[in-house]
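Student: Below are the structure tokens for one structure; questions will follow.
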Amino acid sequence: MGSGNCVYWAPNVFQLDDDGIAVVCGDLAGNEEAVRVAMVNCPTSAIHIVDASA
Ligand code: SF4
């Protein structure tokens with residue numbers, strides 16, 4: 001919904017595009033804790049961390 005919370009908590013991983021939509025712009029690696037905080041603070045629960053190796 002473009003709240004920007006994710007950009008605030010994990011600016012190395014999320015940004016808002018020109019339409020105000022959140023997009024992934026960086027890697028999870030090295031930003032795990034910031035992304036975890038962004039995930040729990042996303043008002044729409046739109047962020048999920050998935051173990052791709054599982
Ligand atoms: S992903 Fe969540 S925190 Fe990020 S802009 Fe969308 S609603 Fe806000």
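Student: I'd like the full set of residues that are within 9 Å of the ligand (Cβ to nearest atom) and open to solvent by 40 Å² or more (accessible area, probe 1.4 Å), limited to the stretch 8-22.
Tutor: Listed by number, the residues that qualify are Y8, W9, L16, I21, A22.
Student: Quick one: would you say N31 is out of contact with any His (no Cβ under 7 Å at 6 or more places or on another chain), near the ligand (Cβ under 9 Å from one of its atoms), of a type outside the set (A, V, I, L, M) and open to solvent by less than 90 Å² (accessible area, probe 1.4 Å)?
Tutor: Considered against the rule, which asks whether it is out of contact with any His (no Cβ under 7 Å at 6 or more places or on another chain), near the ligand (Cβ under 9 Å from one of its atoms), of a type outside the set (A, V, I, L, M) and open to solvent by less than 90 Å² (accessible area, probe 1.4 Å), N31 comes out as no.
For every residue, the table says whether it meets (1) touching a strand residue (DSSP E or B) at 6+ places or on another chain (Cβ under 9 Å); (2) on the phi > 0 side of the Ramachandran plot.
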residue	(1), (2)
P11	no, no
G20	no, yes
V23	yes, no
A29	no, no
V50	no, no
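Student: Could you list all residues from the stretch 38-50 that are surrounded by 14 or more Cβ atoms within 10 Å (Cβ to Cβ) and farther than 15 Å from L16 by Cβ?
Tutor: M39, N41
Student: S53 - would you say it is open to solvent by 40 Å² or more (accessible area, probe 1.4 Å), in a loop (DSSP other than H, G, I, E, B), away from the ligand (no atom under 13 Å from the Cβ) and not β-branched (V, I, T)?
Tutor: On the way: open to solvent by 40 Å² or more (accessible area, probe 1.4 Å): yes; in a loop (DSSP other than H, G, I, E, B): yes; away from the ligand (no atom under 13 Å from the Cβ): yes; not β-branched (V, I, T): yes.
Judged against the criteria, S53 is a match.
Student: Let me ask something else. Which residue pairs have Cβ atoms under 7 Å apart, sit 6 or more places apart or on different chains, and have a first residue in the stretch 15-43 that is touching a residue at least 40 places away in the same chain (Cβ under 8 Å) and a second that is in a helix (DSSP H, G or I) and of a type outside the set (F, W, Y)?
Tutor: P43/N5
Student: Then there's this: Please enumerate the residues belonging to the stretch 13-50 that are in a helix (DSSP H, G or I) and not small (G, A, S).
Tutor: Hits for the stretch 13-50 are E32, E33, V35, R36, V37, M39, V40, N41.
The values are calculated or read from the model by the stated rules, or taken from the named source; none is laboratory data. It should be emphasised that the depicted structure is a prediction, and the values quoted were computed from it without experimental measurement. Positions of Cβ are generated from backbone atoms using ideal geometry, with glycine treated the same way; all protein chains shown enter the neighbour counts. The area values use the complete protein model at the heavy-atom level, side chains included, leaving out ligands, DNA and RNA. Shrake-Rupley method; radii C 1.70, N 1.55, O 1.52, S 1.80 Å.
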